[in-house]
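Peer 1: Pasting in a structure now, in structure tokens, and then I'll have a few things to ask.
Please treat every number below as a calculation from the coordinates, not as lab data. These numbers were taken from a predicted model, which means no experiment stands behind them. All Cβ positions, even for glycine, are placed from backbone atoms using ideal geometry, and neighbour counts span all protein chains on display.
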Amino acid sequence: MKKYVALAVVTVLLLTFSFVYSSWTSEKVIEVQTITLAKEETESTVSCSGKIEETKRRDIYLDMPVMASNVKVEVGDTVKKGQVLFQVDQSATQAMLTYGSGLAGLGASEEVLSQFGSTSTSIPDSSSVSDWVDEVPQEVTAPIDGVVTAINASSGSLTTAGQPVATISDLNQLQVKISIGENQMQEVTLGQTVSITGNAFEGKEYTGKIMKIFPSARQQIQGAGYETVVDALVSIQNPDDDLKPNYNIKAKIMTSDVSEVFTLPYECIAQDDDGKEYVYIKSAGRARRADVLTGQEFEDSVEIVSGLREGCHVIQNPDDVTDGVRVTDRGEVSSSD
């Protein structure tokens, strides 16, 4: 009798195991990729764009159009303060001003007056033209030491009223003018370190400091609309000859010190209907939901403040994953990779 009882018990156990094993092997298994949670060094940044410009630049304007003669410089020449850039043919200039004034008095069109480098508003009336012609300079000189970056005068031709006849720039003193989105301004302060890169000097990185933040915002074109930005000036701590005025640059403002924190790529984080953020971790061959609290946002990842322990295996892109489903790992990487 005992023999039959023992056989019956064994049979039941075998049948139970067979059923459980059959259910286990037929259960759907999802292949996933996991990330091993680890600490990494991070720093918060604000990204923006801008241009390189001269810290010291002088556009030379004259009160009147003049007839240039003997232009002594060209773009790229290095000049000293007081050096003659070009001489002025005073008699020809006086004659042209007198003639232009007469035409203006007769109601000549702007097109005609432009042939004399002038407009109806830049030429004095006949009653004051004699005083004006007495002020025609003999020559035009450089106001500062630097490099000629523009020259708008040629021998035998009139200069144009309202436009600089030359521009002198000190290329040894460059800075960056950046435009920061209004929604990021609360993170930006004077003295912060800035990383400077650009297509014109690909592979190189320069360092700077924010030395001035403009007191008011402005609007600039962004795609099909406008965005509000605040301009700031950045000194360049390690300039060289690869940097040129008007180069476009990309800037990253370091808004916090380097620190070690847990981070995960954004594609690991999900959110339920109540707004709670969570992830799925792989535990004992199954996906398990874990609610998390996130912190600082970085370019490709977000800080995990609480909810996970170091070394746990977090599932990436868990779109097809549900709590408790069986999962198998097709690959594993560290969150700091």
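Peer 1: Considering only the other residues whose Cβ falls under 14 Å of the Cβ of SER216, what net charge follows from Lys and Arg at +1 and Asp and Glu at -1?
Peer 2: That works out to 0.
Peer 1: Right, something else. What does the highest-first list of 195-205, 63-73 look like by mean Cβ count within 10 Å?
Peer 2: Sorting 195-205, 63-73 by mean packing, highest first, produces 63-73, 195-205.
Peer 1: For LYS204 and GLN83, what does the FRET efficiency come to when R0 = 41 Å and r is the distance between their Cβ atoms, rounded to the nearest 0.05?
Peer 2: For R0 = 41 Å, the calculated efficiency reads 0.80.
Peer 1: Shifting gears a bit: Amide H neighbours of GLN296 under 5 Å, counting only residues 5+ apart in sequence or on other chains, H built in-plane at 1.01 Å?
Peer 2: For GLN296, whose amide H was placed from the backbone, the distant partners under 5 Å are GLU303.
Peer 1: Same structure again: What does the charge add up to near SER169, with Lys and Arg as +1, Asp and Glu as -1, over the other residues with Cβ less than 11 Å from its Cβ?
Peer 2: In short, -1.
Peer 1: Sorted by mean Cβ packing within 10 Å, highest first, what order do the peptides 303-310, 152-159 take?
Peer 2: Packing order, densest peptide first, comes out as 152-159, 303-310.
Peer 1: Collect residues whose amide H, placed 1.01 Å from N in the peptide plane, falls under 5 Å from the amide H of ALA166; neighbours closer than 5 in sequence don't count.
Peer 2: For ALA166, the qualifying residues are ILE60, ASN152.
Peer 1: Quick one: length gained pulling ALA150 to GLN219 fully straight, 0.36 nm per residue minus the C-alpha distance?
Peer 2: Extra length available between ALA150 and GLN219 comes to 22.0 nm.
Peer 1: Can you tally the net charge around SER154? Count Lys and Arg as +1, Asp and Glu as -1, for every other residue whose Cβ sits under 13 Å from the Cβ of SER154.
Peer 2: Result for the neighbourhood of SER154: -1.
Peer 1: Which distance in Å, rounded to a whole number, links the C-alpha centroids of region 189-230 and region 263-327?
Peer 2: 34 Å
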